[in-house]
Every structure is written in structure tokens, then in C-alpha cells.
1. Sorted by average packing, counted as other Cβ atoms within 10 angstrom per residue and highest first, what order do 11-17, 109-115 take?
2. Report the accessible area of Lys20, computed with a 1.4 Å probe over the heavy atoms of all protein chains in place, in Å² rounded to the nearest 10.
3. Along Cα→Cβ, 7 Å out, is where each label goes; now give me the distance between the ones at Leu70 and Asp105 in nm to one decimal.
4. Of all accessible surface on the chain at a 1.4 Å probe, what whole percent is carbon and sulfur?
5. Can you tell me, using C-alpha contacts under 8 Å and at least 6 residues apart, the relative contact order of the range 140-186 as a whole percent?
6. For the chain, what is the calculated [θ] at 222 nm in deg cm²/dmol (nearest 500), taking -39500 (n - 2.57) for each run of four or more DSSP H residues and dividing by its residue count?
7. So who's got an amide H within less than 5 Å of the one on Leu14, skipping anything under 5 residues away but keeping other chains? H placed 1.01 Å off N, in plane.
8. Can you give the FRET efficiency for His15 and Tyr129, using 1/(1 + (r/R0)^6), R0 = 45 Å, r = Cβ-Cβ distance, to the nearest 0.05?
Amino acid sequence: MGIGQLLVMDKITLHNKTFKPFIKNDELEAIIDNVADRINADFEGCTDVPIIICVLNGAVMFTAAVMKRLNFNVELCSIKLSSYVGTQSTGTVLVPLGLTSDVKDRRVIIVEDIVDTGNTIVALKELLYSKGATDVKICTMLMKPDVYAKPDKLDYVGKAIPNAFIVGYGLDYDELGRQYKDIYVIDE
Ligand code: 5GP
């Protein structure tokens, strides 16, 4: 079998679109090690119990992977905000699922799968501060620097990627593709 055939076999189809391999799981694991090391260093010796906020559904896998590597006590809660329909950001941030923990007087680390325009993460950060969080850090597996349009600092970024639509490792295309352990990019 030639290389061309192998590459074709590596592609996946979700609904009406084809995606090709982009970030292999080995690289993701290294990215996650690095992010967790930085969080552990910043929170070394902490006596409070920070809250990890998993942004559902996309950040489920990344959150679990980061949490397994943390060496201080954390509490987990989840929130659902969505600004995407199909492959384009709509710019509207919906809040269909609320916070499951009281963040008042707590330090919080938001864990996201990907930051694109930043609308989602900044809306969530403001929501958490309005509910009394004392410090809100942002941790994201991936970000798109060409699209990010907010002044807010992203504290822990796994990897910066070009502006293309990706799926896998929690990320979906209209709810499909979340289960893949590698990340795929749209094949245009
Ligand atoms: P933002 O609010 O930063 O524009 O968008 C962030 C959210 O949009 C992410 O949590 C994710 O759900 C979704 N998103 C952004 N870029 C992509 C992408 O390339 N692929 C997928 N599947 N979702 C994305």
C-alpha cells in the first residue's frame, strides 16, 4: 500500500465533511504535560482549593487529562456556553447549563478546548467574577491567534494553531467527532 492510500485511510468523514490528521495524540499528551506543569508551578503550596471549570462539552477530555496531572487539591464543576453552530462562530454566547459550584471567594481555573474569537471565554470569565470569584485563570488546549480579538490574557495555552476548523479530542462538528484521540482539520 502506498503513502497516498495510507493518508486517504487516515481521513475521517463527519456528516458531509472530510477531515485530515492534524495533531497526533502523542503531541497532545506532551502539550498537556506542559500545561499541567505550568499550573502546578503556579499553584505550588496553595492552601485553598481552586475550582476547575470544565466548559462542556468540548473540554471534557482535555479537562480530565489536565486534572490527572495536578498535584494540589481541586474541585470540579462544569458549565455549558456555546457560540458555535456548524463550522462558523455565531458570536452569540448561550448559557443553557449553569454553574454547579459556588465560586464566591474562590480561585477558578477555566478549562477550554479551544479559544477562537474569545467571546466564550471572556463571557465566562466575567460571569465568574460577577459571582464573586477572587481570581480567574484561563487554560486552553488550543487557540487561534489570528482570530482572537480580546485584550484578556490567556494564562495557559497548549498550542497556537492557524485559523481552520478542527475536530477530535472533545471537539465536534455538529456533535460528531468528539471521541477521536487525535485532532483532525477540515480538508478543503
Ligand atoms: P470563541 O467564543 O472563542 O469564538 O469560540 C470558542 C468555542 O467555539 C470553543 O469552545 C469551541 O466549542 C468552538 N470552536 C472554536 N473553534 C473551533 C474549531 O475549530 N472546531 C470546533 N469543533 N469548535 C470550535
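The values are calculated or read from the model by the stated rules, or taken from the named source; none is laboratory data. Keep in mind it's a predicted model, so treat the numbers as computed, not measured. Heads up, the Cβs are rebuilt from the backbone with ideal geometry, glycines too, and the neighbour counts pull from every protein chain shown. These area figures cover heavy atoms from the full protein model, side chains too; ligands, DNA and RNA do not enter into them. Shrake-Rupley method; radii C 1.70, N 1.55, O 1.52, S 1.80 Å.
1. The peptides rank, most packed first, as 109-115, 11-17.
2. The accessible area comes out at roughly 80 Å².
3. Label at Leu70, label at Asp105, 2.0 nm between them.
4. Numbers: 4820 of 9400 Å².
Using a 1.4 Å probe with all protein chains present, the chain comes out at 51 percent carbon and sulfur.
5. Reported relative contact order: 31 percent.
6. That comes out to -8000 deg cm²/dmol.
7. Hits under the 5 Å cutoff: Phe19.
8. Given R0 = 45 Å and the Cβ-Cβ separation, E is 0.75.
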